[in-house]
Amino acid sequence: MSVTRTNPVQVSEVGGWDAETDVLIVGNGCAGASASIEAGRAGADVLVIDAAGGWGGATAMAGGSLYLGGGTPLQKACGIEDSQEAMYAFLKAATGPDPDEDKLAAYCEGSLEHFDWLAECGVPFEAKLWTEPSWEAPSGYGLMYTGGENAHPFNDIAAPAPRGHIPHMEGKRPGERSAGWVLMRHLVATAERAGVQTRYDTRAVRLVVDGGRVVGAEVASFGERYFLRARRGVVLSAGGFAANRSMLVQHSPRMLGNLLIGTDNDDGRGIRMGQAAGAAVRHMEAGQAAFPADPALLCRSLLLDARGRRFINEDTYPGRVGQAALFQQERQIFLLYDDAINEEVRQVAGYAVEPTWVSGSLAELEQRMGIAPGVLAGTVEEYNAGAVNGEDPLCRKSARWLKPLEPPYGVLDLRGAVFGVFTTGGLHTSPQGEVRDLEGEPIPGLFAAGRTTSGVPSWGYCSGTSLGDATFFGRRAGTSAASA
């Protein structure tokens, strides 16, 4: 029998159980770890399995930001005022279209308590605000804007507030050594104190069902296949599917040909196991796309489509820009800037960006870019006319970043550039972590959390909504499974 099959096993076909537990959790990233903590604290016997050789998953590779708000102790310590209502209004607009409003409401209502829970688990935060556009804040900064809250259109929808809560980590190197590892270290230590047991190098293959109820899983480890019984429930928290080419072809083909943000175990196994047991899915076409240039350069420059026209305000969240560039412009984009901008980026980011072409003539750049004569000149003329007055009528970029461009100009050709991507669609779950079937009813004994599900970032994305959503609803899934 092929290990790739996901059709459920009937309990009558199970000759014996290798081990039994109350709650079986598949995946030990931040969603699985959070689920295991709450299930263990609820008095359940908990066993966590992971296909990798240790804990962490994609979380351990992440920047570590958690999206929290409503007036957390960290926000207050940084002098930031925020409300649950503003957080909800922003997320409803930023994570759409078709956000899960029940999940959003629960997430915003529980945000303050969730921050306290993280702190109780030992996750450290430094009370210092970072305000420069960047993917990650440097060491020593615990709070930053991570969703374009202070940019158009969201600053007209809700009072802006930074809600990216970043665990403290000394000696961070963004992209190499980031705070997601710190978050995981504290969650795993808390789970161990709660009596959680783990098995690594153990991949879930198929769910075991008894009638309509999930009662365990078939797993594979070092070539051996065996069964694990879950007396109360199974929690699927095995990541997304960006590492599964066939699933991307089926659900989100524009994400093909890019760089996976995550691990090779983001292969959609948890989603497919749930589907095979009758689960519904949501927003399988959705994903995050990290823009392939420094945010410090992006916010100061003009982002142009293949025809030389602007299509979004460059000062919004760079992940939102990345989504627009990938899903709407099919990666056919340019960045236009000048020497003054490059010098500012050098001072802020510590390095200058080498342009693809440099010229004092916009007409010459139009030829090099392959766009119609006069279009680029018209774009720059319109932008400069507004920038002189601190206005951007077309895209409404903040006056902070508006400055007329002057020759010589530089163009960064990003056509076909590689974006960092991961998926955000997945199993349809209730706010309590129950996996729902095609009729919207819970599948008995089956729960899920994290990027195996469609959660707070149902379509639109903000940095921190993956780890925030995964830990928050992971906790709920663990509690629900323990009481099933």
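Number of residues in the stretch 416-459 that are within 22 Å of ASP267 (Cα to Cα), of a type outside the set (A, V, I, L, M, F, W, C) and assigned to a loop (DSSP other than H, G, I, E, B) equals 8.
So, of the residues in the stretch 238-278 that are out of contact with any strand residue (DSSP E or B) (no Cβ under 9 Å at 6 or more places or on another chain) and among the β-branched types (Val, Ile, Thr), which turns out to be farthest from ILE49 (Cα to Cα)? Among residues in the stretch 238-278 that are out of contact with any strand residue (DSSP E or B) (no Cβ under 9 Å at 6 or more places or on another chain) and among the β-branched types (Val, Ile, Thr), the one farthest from ILE49 (Cα to Cα) is VAL249. Name the residue that is farthest from PHE227 (Cα to Cα), counting only residues in the stretch 29-48 that are among the aliphatic types (A, V, I, L, M) and surrounded by fewer than 24 Cβ atoms within 10 Å (Cβ to Cβ). In this case the residue turns out to be ALA42. What residue, among those in the stretch 161-202 that are without any contact (Cβ under 8 Å) to a residue 40 or more places away in the chain and more than 20 Å from the chain's Cα centre (by Cα), is surrounded by the most Cβ atoms within 10 Å (Cβ to Cβ)? Taking the candidates together, the pick is GLU192.
Taking the conditions exactly as written (outside the structural domain of ALA399 (by TED's automatic domain parsing) and of a type in the set (Gly, Ala, Ser)), does GLY308 satisfy them or not? Considered against the rule, which asks whether it is outside the structural domain of ALA399 (by TED's automatic domain parsing) and of a type in the set (Gly, Ala, Ser), GLY308 comes out as no. Of all the criteria given as (1) assigned to a helix (DSSP H, G or I); (2) under 23 Å from THR424 (Cβ atoms), the one not satisfied by LEU112 is (2). Of the residues making up the stretch 461-484, those that are in a loop (DSSP other than H, G, I, E, B) and modelled with pLDDT of 95 or more are TYR461, CYS462, SER463, GLY464, SER483. In the set THR429, THR424, only one residue is without any contact (Cβ under 8 Å) to a residue 60 or more places away in the chain and closer than 30 Å to ARG451 by Cα; that residue is THR429. Hey, any hits in the stretch 432-448 for a residue that's polar (S, T, N, Q) and either surrounded by 23 or more Cβ atoms within 10 Å (Cβ to Cβ) or closer than 18 Å to LEU24 by Cα (or both)? Scanning the stretch 432-448 turns up at least one residue that is polar (S, T, N, Q) and either surrounded by 23 or more Cβ atoms within 10 Å (Cβ to Cβ) or closer than 18 Å to LEU24 by Cα (or both). Here is a check on your reading of the model: is ARG225 part of a strand (DSSP E or B) and at pLDDT 95 or above? Here the answer is yes, as ARG225 does meet what is asked.
Consider the stretch 6-16 and keep the residues that are farther than 22 Å from SER483 by Cα and surrounded by 14 or more Cβ atoms within 10 Å (Cβ to Cβ). The one that is nearest to the chain's Cα centre (by Cα) is THR6. Evaluate the following for GLY57: is it on the phi > 0 side of the Ramachandran plot, touching a strand residue (DSSP E or B) at 6+ places or on another chain (Cβ under 9 Å) and either assigned by TED's automatic domain parsing to the domain that holds GLY270 or part of a loop (DSSP other than H, G, I, E, B) (or both)? The answer is no for GLY57.
When the stretch 81-118 is limited to residues that are of a type in the set (Asp, Glu) and surrounded by 17 or more Cβ atoms within 10 Å (Cβ to Cβ), the one that is farthest from ALA161 (Cα to Cα) turns out to be ASP100.
Does LEU297 count as out of contact with any Gly (no Cβ under 6 Å at 6 or more places or on another chain), farther than 20 Å from ILE443 by Cβ and part of a strand (DSSP E or B)? No: the conditions fail for LEU297.
Screening LYS397 with (1) out of contact with any His (no Cβ under 8 Å at 6 or more places or on another chain); (2) among the basic types (Lys, Arg); (3) assigned by TED's automatic domain parsing to the domain that holds ARG331; (4) crowded, with 24+ Cβ neighbours inside 10 Å gives one miss only, at (1).
Does the stretch 359-409 hold any residues that are more than 18 Å from ALA306 (Cβ to Cβ), more than 36 Å from the chain's Cα centre (by Cα) and assigned to a loop (DSSP other than H, G, I, E, B), and which are they? Matches in the stretch 359-409: GLY360, SER361, VAL388, ASN389, GLU406, PRO407, PRO408.
Looking at GLY390, is it out of contact with any strand residue (DSSP E or B) (no Cβ under 9 Å at 6 or more places or on another chain) and farther than 30 Å from THR95 by Cβ? Yes: the conditions hold for GLY390.
Filtering the stretch 14-24 for residues that are in the same structural domain as GLY474 (by TED's automatic domain parsing) and under 18 Å from ALA243 (Cβ atoms) leaves an empty set.
Pairs are defined by a Cβ separation below 8 Å, a sequence spacing of at least 6 or placement on different chains, a first member in the stretch 124-139 that is under 15 Å from TRP181 (Cα atoms), and a second member that is loosely packed, with under 14 Cβ neighbours inside 10 Å; the pairs so defined are GLU136/PRO174; SER139/GLU170; SER139/GLY171. From the set of residues in the stretch 340-354 that are of a type in the set (A, V, I, L, M) and part of a loop (DSSP other than H, G, I, E, B), which is surrounded by the most Cβ atoms within 10 Å (Cβ to Cβ)? That would be VAL353. Selection of the stretch 355-373 for residues being among the acidic types (Asp, Glu) and either outside the structural domain of SER301 (by TED's automatic domain parsing) or surrounded by 15 or more Cβ atoms within 10 Å (Cβ to Cβ) (or both) yields only GLU366.
Of the residues contained in the stretch 207-220, none is found to be part of a helix (DSSP H, G or I), out of contact with any Gly (no Cβ under 8 Å at 6 or more places or on another chain) and in contact (Cβ under 8 Å) with a residue 24 or more places away in the chain.
If you check SER12 against the conditions, is it more than 30 Å from ARG177 (Cβ to Cβ) and modelled with pLDDT of 95 or more? Taking the combined requirement at face value, the residue satisfies it.
Looking at the stretch 311-326, can you tell me whether even one residue there is among the hydrophobic types (A, V, I, L, M, F, W, C), closer than 30 Å to VAL456 by Cβ and not in a helix (DSSP H, G or I)? Yes, the stretch 311-326 contains a residue that is among the hydrophobic types (A, V, I, L, M, F, W, C), closer than 30 Å to VAL456 by Cβ and not in a helix (DSSP H, G or I).
The values are calculated or read from the model by the stated rules, or taken from the named source; none is laboratory data. This structure is a prediction, so every number in the text was calculated from the model and none was measured. Cβ sites come from the backbone with ideal geometry, for glycine too, and all protein chains shown count toward neighbours.
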